[in-house]
Amino acid sequence: MAVYESTEQLYAVMNDLFHALAADQSNIDDFTKSNMVVRIFFEDPDGEILLDGRQPPLEFFLGPTPGKANFEIRVPADLLHEIWMGRESLSSAFFSGRIKAKGNIFRASRKLEGLFRQAEALYPTYVNQYGLEAA
């Protein structure tokens, strides 16, 4: 069974998560000063998030957003869930081809590392809040 029932539910969780990330800029400084724009395409359910790291504070946009991104990721929503829950390795997901990337992966990984670590730390709170896993 899929973790997310709908794109709307995925967006609700991501909205809360990225608002919390944006509230504490100190942990995501590398990204917000990276001059990068990152687009994440979700599959099952389909969705899209644009992360703007061209200047603090972190800005993010849910849904299709015009503009060019320096780096794009295509990931099944359930796989990102498993990564942020600490049950799956981000690097093994990339190297196995389950996450598709377009752009300079080495630059992006250095700049996104802090953001993703913070997301991983905060994500379980929203999993519980939204009842995404059975207790």
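Could you grab me the full set of residues in segment 100-121 that are over 12 Å from the mean Cα position of the chain (by Cα) and within 26 Å of Lys68 (Cβ to Cβ)?
First, pick out the residues of segment 100-121 that are over 12 Å from the mean Cα position of the chain (by Cα): 100-111, 121.
Lys100, Ala101, Lys102, Gly103, Asn104, Ile105, Phe106, Arg107, Ala108, Ser109, Arg110, Lys111, listed by residue number.
Looking at (1) open to solvent by less than 50 Å² (accessible area, probe 1.4 Å); (2) more than 15 Å from the chain's Cα centre (by Cα); (3) over 18 Å from Met1 (Cβ atoms), find the lone condition where Leu132 falls short.
Failing condition for Leu132: (3).
Of everything in segment 61-78, what is among the charged types (D, E, K, R), farther than 20 Å from Tyr4 by Cβ and open to solvent by less than 80 Å² (accessible area, probe 1.4 Å)? Give them in sequence order. If you could, list the steps in order and put the result at the bottom.
Step one: filter segment 61-78 for residues among the charged types (D, E, K, R), giving 68, 72, 74, 78.
Checking which are farther than 20 Å from Tyr4 by Cβ leaves us with 68, 72.
Selection gives Glu72 alone.
So for segment 83-93 (the condition being part of a helix (DSSP H, G or I) and within 17 Å of Asp16 (Cα to Cα)), does at least one residue qualify?
As a first pass, look at segment 83-93 and keep what is part of a helix (DSSP H, G or I): 83-84, 90-93.
Imposing the further condition that a residue be within 17 Å of Asp16 (Cα to Cα) reduces the set to 84.
For segment 83-93, residues part of a helix (DSSP H, G or I) and within 17 Å of Asp16 (Cα to Cα): present.
Only one of (1) open to solvent by 20 Å² or more (accessible area, probe 1.4 Å); (2) among the aliphatic types (A, V, I, L, M); (3) over 21 Å from Gln9 (Cβ atoms) fails for Leu122. Which number is that?
With respect to (1) open to solvent by 20 Å² or more (accessible area, probe 1.4 Å); (2) among the aliphatic types (A, V, I, L, M); (3) over 21 Å from Gln9 (Cβ atoms), Leu122 is out only on (3).
Filtering segment 20-48 down to residues that are in a loop (DSSP other than H, G, I, E, B) and at negative phi, which residue is most open to solvent (accessible area, probe 1.4 Å)? Lay out the reasoning, then the answer.
Filtering segment 20-48 for residues in a loop (DSSP other than H, G, I, E, B) gives 24, 33-35, 44-46.
Next, from what is left, pick out any that are at negative phi: 24, 33-34, 45-46.
Numbers: Asp24: 67, Lys33: 136, Ser34: 6, Pro45: 21, Asp46: 109 Å².
By that ranking, first place goes to Lys33.
Give the residue, chosen from Leu10, Leu51, Leu17, Leu58, that is surrounded by 17 or more Cβ atoms within 10 Å (Cβ to Cβ), more than 20 Å from Gln129 (Cβ to Cβ), among the aliphatic types (A, V, I, L, M) and within 12 Å of the chain's Cα centre (by Cα). It would help to see each step written out before you state the result.
Working: Leu10 fails: more than 20 Å from Gln129 (Cβ to Cβ); Leu17 fails: more than 20 Å from Gln129 (Cβ to Cβ); Leu58 fails: within 12 Å of the chain's Cα centre (by Cα).
None of the other options fit; the residue is Leu51.
The values are calculated or read from the model by the stated rules, or taken from the named source; none is laboratory data. Predicted model only: the values in this text are computed from it and were never measured. Quick reminder, even Gly has a Cβ in these numbers, built from the backbone with ideal geometry, and neighbours come from all protein chains shown. Protein only, heavy atoms only, side chains kept; ligands, DNA and RNA dropped before computing areas. Shrake-Rupley method; radii C 1.70, N 1.55, O 1.52, S 1.80 Å.
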